[in-house]
Each structure stands twice: as C-alpha cells, then as structure tokens.
Amino acid sequence: MMERLSSGPASVSALAEPLAMSLPAVLQHLQVLEASGIVRSEKVGRVRTCRIEAGALRPAEQWISERRAIWERRLDRLGEYLAKQSDEPEPGSTP
C-alpha cells in the first residue's frame, strides 16, 4: 500500500486490487496508517482517496538516519581494527 501511495493518491479499491486480502482487511490496515498519521484520506461521494502524509514519515527517517550513522562509524572502526590485526605478525611467528 505504501509503495503504491508513494506514486500518488489512490482510491481504497485501487489499493486493494493487487492485494491478496479482503477489502475489510485493507480498510483495517488503512485505519492503522491513518491513526498513526502516515496516511490521510478523504471521501468524495462514494470514493475514499488516500495519500501519504510525508511529514509524518520524517521522524522515522531521522531515526533511521541516526542509526545508519552510528553503524557506519562502528563498522569503520571494526574495519580499521581488522586491518591493523592483519598487519601485525601473529605471536610466535618469524618475520
């Protein structure tokens, strides 16, 4: 659903069409996404159209970005440590 909505607004029926789940199950998923503020919907006549609320994704994006930076630093330090270990001769070996 999120992948589809990332390309623009879609009706609930358009979101449900490719999914192997019932329409009530799709509606339940959309309700959770709406309650979290990630998706917004509006009903015009008999058609409910949903769209991503991009601002709601920013805190998750920030959190992921922070974690990525932490892990990149850790992996860089690990790489430096392993490179240093491979440069040092093993104890008991002759150079």
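Throughout, read-outs are computed from the coordinates displayed, never taken from laboratory work. None of the values given here were measured: they were computed from a predicted structure. Please note: Cβ atoms are built from the backbone with ideal geometry, for glycine as well, and neighbour counts cover all protein chains shown.
A few notes on this one:
- Per residue, the convex hull spanned by the Cα atoms of the stretch 1-93 measures out at 163 cubic angstrom.
- Net charge, Ala56 excluded, C-beta distance under 11 Å - Lys, Arg +1, Asp, Glu -1: -1
- Degrees between helix 54-87 axis and first principal axis of the chain (Cα, 0 to 90, nearest 10): 20 degrees
- Extension gain, Ala25 to Ser7: 0.36 nm times the residue separation minus the Cα-Cα distance gives 4.3 nm.
- Viscosity 0.692 mPa s, 37 °C: Kirkwood-radius Stokes-Einstein D of the stretch 1-55 over Cα pairs, µm²/s: 294 µm²/s
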